[in-house]
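Undergrad: Below are the structure tokens for one structure; questions will follow.
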Amino acid sequence: MKNFKGKAIYNPSGKAGEYSYWACNFYNGCSNGCTYCYLKKGVLAHTLGGDKPTLKKCFKDEAHALEIFEKELKVNLMKLQEYGLFFTFTSDPFLPETITLTVKAMIKCLSNNVPVKTLTKKTDWVEYFLQDEEINKKNLCKKLFAFGFTLTGHDELEPNASTNAERIEAMRKLHEAGFKTWASIEPVIDFESSLQMIEETKDFCSHYKIGLKSGKKYNFEELNYFVSNVVFTFSKPNDFQKNPMKQIFSPYGKWDFFNKIYFKDSLLKQAGLNRSILPDNCVKRDWSIFGLKYLLEVYRRWKDCGSDSAMTNDSTSLTDRDKE
Ligand code: SF4
């Protein structure tokens with residue numbers, strides 16, 4: 001894929017690229033205060049690692065940022081409809097300072113049929129969000145928004161974030177309201193806590209991205225045991241009997257598990273494991289939480305229409321077809 005580097009929207013590379021092919025950053029800096037924050041490390045720490053989010057210097061104000069965002073969204077519309085857009089790598093998208101612009105941009109995505117993935121450690125917005133009548137009227141939100149929470153099990157390392165228990169509860173509420181939910185189990189601080197986070201969310205979290213702490217060397221045997229335990233958590237023989245709704249019939253003609261796991265490349269490398277030997281529910285980077293049906297529809301429309309403008313001008317028809 002050709003690399004796009006806009007002011008708001010871009011193609012992340014390296015480890016960030018394992019989270020999404022497309023991402024949007026409006027702000028630099030974050031007030032959650034995580035002691036392991038990746039923004040505070042490396043050569044860009046002085047720009048990215050502030051304790052307070054500030055609008056990126058390339059934007060005059062929020063209105064200007066949204067204007068640029070919309071232009072970049074339109075330029076990359078077909079790819080964004082196919083892959084979705086991630087918020088955000090250089091801050092938390094739901095801080096008091098960042099949430100307004102994030103939500104405005106999400107609404108622009110919605111009206112252009114672009115799936116949105118968010119990742120946060122804040123939960124105070126969830127109650128308001130779920131009470132919003134406009135949001136709840138729009139069924140498409142539930143197809144196109146996937147809400148992710150980082151879960152480490154270590155509140156003491158994330159002093160200004162919502163607690164891990166609050167994040168789990170928020171995820172449960174969003175799932176029960178019909179939204180897609182996923183978790184970033186990264187960084188793994190210790191294997192026991194990470195397993196506990198997975199165990200506590202497995203009934204309402206459909207996708208896990210699992211990664212190690214950058215630069216940390218883990219015990220080889222313990223890491224392998226952790227991977228086996230994660231896989232085992234989702235493959236107990238009585239899962240299906242206990243809750244058949246947690247499995248779906250896949251287009252490949254076999255029963256498929258509700259929970260999908262993505263182990264990051266660096267984790268598998270340290271564990272000396274090849275992705276190809278992992279069971280089917282351990283997915284590759286390109287697995288989409290938005291579902292094969294949606295992707296096939298986008299592909300079909302792309303083949304039928306053959307132009308960006310046809311997709312843009314007819315932005316509601318995908319919604320209507322999905323409702324049928
Ligand atoms: S939530 Fe993310 S960006 Fe914010 S301080 Fe923690 S690690 Fe850094």
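The values are calculated or read from the model by the stated rules, or taken from the named source; none is laboratory data. Please read all numbers here as calculations on a predicted model, not as lab measurements. Every residue, glycine among them, receives a Cβ derived from its backbone with ideal geometry; neighbour counts consider all protein chains shown.
Undergrad: Show the residue pairs that are 6+ apart or on different chains and have beta-carbon atoms under 9 Å apart, the first residue being within the stretch 213-227 and small (Gly, Ala, Ser), the second being assigned to a loop (DSSP other than H, G, I, E, B) and loosely packed, with under 14 Cβ neighbours inside 10 Å.
TA: SER214/LYS41; GLY215/LYS41
Undergrad: A further question follows. Out of the residues in the stretch 132-161 that are in a loop (DSSP other than H, G, I, E, B) and away from the ligand (no atom under 16 Å from the Cβ), which is surrounded by the fewest Cβ atoms within 10 Å (Cβ to Cβ)?
TA: Looking at the filtered set, the residue picked out is ASP132.
Undergrad: Scanning for something within 16 Å of the ligand (Cβ to nearest atom), over 17 Å from the mean Cα position of the chain (by Cα), modelled with pLDDT of 95 or more and not assigned by TED's automatic domain parsing to the domain that holds ILE99, does the stretch 173-187 turn up at least one residue?
TA: Scanning the stretch 173-187 turns up no residue that is within 16 Å of the ligand (Cβ to nearest atom), over 17 Å from the mean Cα position of the chain (by Cα), modelled with pLDDT of 95 or more and not assigned by TED's automatic domain parsing to the domain that holds ILE99.
Undergrad: If you don't mind, another one. Restricting attention to the stretch 113-126, which residues are crowded, with 17+ Cβ neighbours inside 10 Å and either in a helix (DSSP H, G or I) or not aromatic (Phe, Trp, Tyr) (or both)?
TA: Within the stretch 113-126, ASN113, VAL114, PRO115, VAL116, LYS117, THR118, LEU119, THR120, LYS121, LYS122, THR123, VAL126 qualify.
Undergrad: Another one. Do you know which residues across the stretch 36-61 are touching a residue at least 60 places away in the same chain (Cβ under 8 Å) and not in a loop (DSSP other than H, G, I, E, B)?
TA: Across the stretch 36-61, the qualifying residue is only TYR38.
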